[in-house]
Structures are given as C-alpha cells and as structure tokens.
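A quick write-up on the structure given underneath.
The values are calculated or read from the model by the stated rules, or taken from the named source; none is laboratory data. Treat the numbers as computed from the prediction; the structure is a model and nothing was measured. Here the Cβ is made from the backbone with ideal geometry for all residues, glycine too, and neighbour counts use every protein chain on show.
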Amino acid sequence: MTGSETPVVLIVEDEPDVAETYNLWLDSDYEVRMAQSGDEGLAELDEDVDVVLLDRMMPGLSGDEVLERIRERDFECRVAMVTAVEPDFDILEMGFDAYLCKPIRSEQLHDTVENLLERSDYDDLLQEYYSLVEKQATLEATKSTSELTNNDEYLQLTERVDDLKDDLSDTLGGIEDDEDFIATLRGLSDVEE
C-alpha cells in the first residue's frame, strides 16, 4: 500500500446485516469490498486488499479455512478474525493478526483496521531498515573510513538508515538508546519468525 492509495478492506461475513454495518462504519475511510461466504471472499481477494475482516464460523468454507488459504497464497494482507467464537488454544496455530469477539463497536473496528495498516507500514520499514543496515555493515567492513566519507551513495545510505531508525524508534515508543533499540528490534524479529 502506498501513502496516496485508499486502503482496501475486505469484509467476509455470512450475515448480511452485520456485513452492511461494518461497511457503513468503514466506507468513509476505506475502499470496502464485501463477500458473504468463504469462497466469495477468496474470489474477492487480490494484491490490492490490505485488511481482511473474516468471520470465523460460516457455512461452507469456514473462516479458519479461508485464513489458511490466504496464508498459503502468500497474500501480504492483514487478517482480523471477527467472530462470536470465544478464543481457545487452537488460535495459537492460526495465522491471523487480530481477533475480535462479537459484538464489536465502530470505534473498536476502526482502531483494529488502523493498527493493522500501521503494522503493515511498520513491517515495510523494518525490512528496509535491515536491508540497508546489512549493506552499510558490509561496506564498513570492506572500505576505509576515507573511502566511505568520500562516497555520496554511502552517505545517502547512512542518512536513510538514520531516518529509518528515527521512524522505527518513534513507532516503538521513542527508544533513544542504541543498545535498547537493537535489543527491541531483535525481539521483534524473533517474534515475527
């Protein structure tokens, strides 16, 4: 998702009144697509979808099965299970990003979608940061200080790494200390793997 595009939210919900309520709550801020079954939801899913709001218990293809297929196809969307099913230990094996128990409120749904979109942006920042830091470390291990300070591309790389670090630090609550920042990123990487 780029900053200029309207995020796309796919609602997969077999109860039309519930789906329409979610649509009314979200359509002023997002492009909303709706599907009334798991099969319909998968048919509506493409690379443009940023967030899927997925009912867990539907006739036919269940939300659990839809979630599994989304992950098998490597779609980069975030998935929130929005369901009346109380969570149990089986959720530990599921690849969702958020779990909301019905009934939910408009504010709760908005907050969840916003958090999932921010997390997607954050993941992109983190991936770019790691990639650039790897390049920076490689150059620093093979080039002299003088070669590095006289190379415009390296200086731009260093500046971008610093900018990303600031952005990530802000996202993580303003971590200033380099050791704390690195420890926090390592912890996040371990969680994501």
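Just one of E159, E140 is over 29 Å from the mean Cα position of the chain (by Cα) and at pLDDT 85 or above; which is it?
Details: E159 fails: over 29 Å from the mean Cα position of the chain (by Cα).
Answer to the selection: E140.
The single condition among (1) in a helix (DSSP H, G or I); (2) farther than 20 Å from E114 by Cβ; (3) not hydrophobic (A, V, I, L, M, F, W, C) that N23 does not satisfy is (2). Apart from one condition, V79 fits all of (1) crowded, with 16+ Cβ neighbours inside 10 Å; (2) modelled with pLDDT of 95 or more; the exception is (2). One residue alone among D17, D29, D74 is part of a loop (DSSP other than H, G, I, E, B), loosely packed, with under 15 Cβ neighbours inside 10 Å, acidic (D, E) and modelled with pLDDT of 90 or more, and that residue is D29.
In summary, R105 fulfils each of the numbered conditions (1) at pLDDT 85 or above; (2) touching an Asp or Glu at 6+ places or on another chain (Cβ under 8 Å); (3) surrounded by fewer than 15 Cβ atoms within 10 Å (Cβ to Cβ) with the single exception of condition (2). Taken residue by residue, segment 100-107 has at least one member that is touching a helix residue (DSSP H, G or I) at 6+ places or on another chain (Cβ under 7 Å) and not in a helix (DSSP H, G or I).
On the given criteria, is V66 in a strand (DSSP E or B) and surrounded by 15 or more Cβ atoms within 10 Å (Cβ to Cβ)? Spelling it out, it is not the case that V66 is in a strand (DSSP E or B) and surrounded by 15 or more Cβ atoms within 10 Å (Cβ to Cβ). When you check T138 against the structure, is it in a helix (DSSP H, G or I), more than 30 Å from M81 (Cα to Cα) and polar (S, T, N, Q), yes or no? Against the criterion (in a helix (DSSP H, G or I), more than 30 Å from M81 (Cα to Cα) and polar (S, T, N, Q)), T138 qualifies.
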